Amino acid sequence: MSELLFETDWLGSRPVFYNELTRAASYDINDVIVAAEVEIDPDGLRAYLAAGYSIFGRTPVRHVRYVPPSTRLWRDDDGMLRLEAVPLDLNASVEAARTEAEVIDLLRERVRKTESSTDDRIIIPTSGGYDSRLLNLMVADVSRVRSYTFGPTARQWDSTEVARARALSGLLGTRWERIHLEPFHTHLDEWDRAFGPAVHAHGMYQMEFYRQIRAREPDGGIVLSGHGGDWCEWLWDEAVEPLRGPNDLQRLILSHGAHADADAALLGRGAPLAEQYFETHREELRTFVGRTVEGIRFRVMLTHYLVKVPRLYGFAVDEPFLDFDVASAMLSLPDERRRDRRWVDEYLASRGALFKDVQANDVYWLYWPVMRSQPLEPLDVDLLSEIVQGDYVRWANRTVRWRGLWWEGYERMSRHRPFRRAAKYLSERGIKQQRLPAYHAYMTLRPLERLLRRRDAARLGHHPSDRREPR
């Protein structure tokens, strides 16, 4: 008799990994990797480097894959694994158009269902953005809300996120606190244990954020996450335009620069995964709804850390925006109302929570200070040279460390009026700051380095360790 191992939701919001050879399956990619037998999948590697995370159902590890959205993973009587797609008519759900008031009511109902299901405190990571503001406004008993915010600016206390979250708390009378992020590179090994080579090491700041929240909330609670709200609430131009071919998929794989250069890969390649994916999903990608949902599904592999990290720190988590009924209702709104979140703007304004006039610093500066205060140890060039160009690794190593500091000065100066025109002139001629691209390349390569190190240690019969002498 076949055994149902896992079933993914309509977005695959909690990724499930499996090994084609060992037939192991788990929410944790590290559980299904046999260290001593690790081989790199050339196509999976290139896709991972280009996106910054595993995509198209593949990972950088040969025979290690993940279950697609809306799919059941079965183990048959002979022990073989089998995937079964769960039918889902997205177009029909979206064609059942809702009014904006109905969408708000549906979201409120969804939030309050969670609220009434537990007596725990309701913890809302409140960035001051649209999604977290909506969630705060939906809660019935605001006395149960504990909202926390960090500032991603150079001076954490003067960010727009902090200013809006503080104003929202004052409006609603909720208990709010700003978390001052300490240098978060200390969580790199913890990140590797949690995510392995599934996604680049970009979210350690969330580990530091929830570490501090847990210290303030020793009894835990339920986190209301705004995960996915931004993609369902609004219309972005790239999703509207039809895709002419596989190369256009990059418009849906929004990495915001947080990836590496796939051309640095040394291993051979077969048929590009993007071409295979495009042909398989050609029908879904013909429609606006299909492109939107596929874009969300891509992004979930990147952003599922927003949910997994609080769980690692002992919190229950709920994602109201990823509820199928809520999301499809939002997607059913007219395009002109979803563009630039016009419908959300008007609702927030009606509740006095738009905060357009809040004056604060909105320059995103999250990674720059930690590169100075907590310098990264160099990646192992010799080890990574098995799979990527050694010169590319050397460039990442030196640019994220002291030799790349002058790019920070360049970036700071380019934001000041006297230098802005000169910076634009230099940028148009290809002279752009390299420190953040190098940081993202480093964080994309690091999980691969740890993977190869564990492989070598396992083959020698040693317990793998992330400790080594600094260079």
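The values are calculated or read from the model by the stated rules, or taken from the named source; none is laboratory data. This is a predicted model, so every value here is computed, not measured. Positions of Cβ are backbone-derived with ideal geometry, glycine not excepted, and every protein chain shown enters the neighbour counts.
Annotations for the structure displayed:
- For the range 121-134, the criterion of being of a type in the set (Asp, Glu) and either part of a strand (DSSP E or B) or surrounded by fewer than 18 Cβ atoms within 10 Å (Cβ to Cβ) (or both) is met by none of the residues.
Matching residues to (1) modelled with pLDDT of 95 or more; (2) hydroxyl-bearing (Ser, Thr, Tyr); (3) within 20 Å of the chain's Cα centre (by Cα):
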residue: Ala50; (1), (2), (3): no, no, yes
residue: Tyr53; (1), (2), (3): yes, yes, yes
residue: Arg72; (1), (2), (3): yes, no, no
residue: Ala96; (1), (2), (3): no, no, no
residue: Lys113; (1), (2), (3): yes, no, no
residue: Gly128; (1), (2), (3): no, no, yes
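Results for (1) more than 28 Å from Leu171 (Cα to Cα); (2) in a helix (DSSP H, G or I); (3) of a type in the set (Lys, Arg); (4) in contact (Cβ under 8 Å) with a residue 12 or more places away in the chain, shown as yes or no for each residue.
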| site | (1), (2), (3), (4) |
| --- | --- |
| Arg337 | no, yes, yes, yes |
| Val344 | no, yes, no, yes |
| Gly352 | no, no, no, yes |
| Phe355 | no, no, no, yes |
| Val358 | no, no, no, yes |
| Glu377 | yes, no, no, yes |
| Asp382 | yes, yes, no, no |
| Val393 | yes, yes, no, yes |
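- Members of the range 331-361 found to be closer than 19 Å to Val139 by Cα and buried (at least 17 other Cβ atoms within 10 Å of the Cβ), listed by number: Val344, Tyr347, Leu348, Ala353, Leu354
- Against the test of being in contact with a strand residue (DSSP E or B) (Cβ under 6 Å, 6 or more places away or on another chain), among the hydrophobic types (A, V, I, L, M, F, W, C) and at pLDDT 95 or above, the options Leu5, Leu106 yield a single qualifying residue, Leu5.
- Some residue of the range 95-105 being part of a loop (DSSP other than H, G, I, E, B), under 22 Å from Gln212 (Cα atoms) and touching a residue at least 12 places away in the same chain (Cβ under 8 Å): no
- Checking Tyr392 against (1) within 23 Å of the chain's Cα centre (by Cα); (2) buried (at least 18 other Cβ atoms within 10 Å of the Cβ), the condition it does not meet: (1)
- Checklist (1) buried (at least 17 other Cβ atoms within 10 Å of the Cβ); (2) of a type in the set (A, V, I, L, M); (3) over 18 Å from Ser132 (Cα atoms) applied to Val111, failing item: (3)
- Flag for Arg417 being modelled with pLDDT under 85 and surrounded by fewer than 15 Cβ atoms within 10 Å (Cβ to Cβ): yes
- Scan of the range 150-171 for residues that are within 14 Å of Asn361 (Cβ to Cβ) and of a type in the set (S, T, N, Q), ordered by number: Thr153, Gln156, Ser159, Thr160
- Residues (assigned to a helix (DSSP H, G or I) and more than 15 Å from Glu109 (Cβ to Cβ)) located in the range 323-335: Leu331, Asp335
- Scanning the range 376-409 for residues that are farther than 15 Å from Ala438 by Cα and either in contact with a His (Cβ under 8 Å, 6 or more places away or on another chain) or at pLDDT below 75 (or both) turns up just one, Gly409.
- The range 243-257 residues that are under 20 Å from His304 (Cα atoms), paired with ones that are in a loop (DSSP other than H, G, I, E, B) and modelled with pLDDT of 85 or more (beta carbon under 7 Å, 6 or more apart): Ile253/Ile55; Ser255/Gly52
- Among the residues of the range 187-238, just one is free of Cβ contacts under 8 Å to residues at least 60 places away in the same chain, closer than 30 Å to Asp335 by Cβ and assigned to a loop (DSSP other than H, G, I, E, B), namely Trp236.
Residue-wise test of (1) at positive phi; (2) in contact with a Phe, Trp or Tyr (Cβ under 8 Å, 6 or more places away or on another chain).
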| site | (1), (2) |
| --- | --- |
| Leu4 | no, yes |
| Thr8 | no, no |
| Ser13 | no, no |
| Val16 | no, yes |
| Asp28 | no, yes |
| Phe56 | yes, yes |
| Val67 | no, yes |
| Ile104 | no, yes |
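- Filtered by the rule that a residue be assigned to a helix (DSSP H, G or I), touching a residue at least 24 places away in the same chain (Cβ under 8 Å) and of a type outside the set (Gly, Ala, Ser), the range 165-186 gives Leu168, Leu171, Leu172, His185, Thr186.
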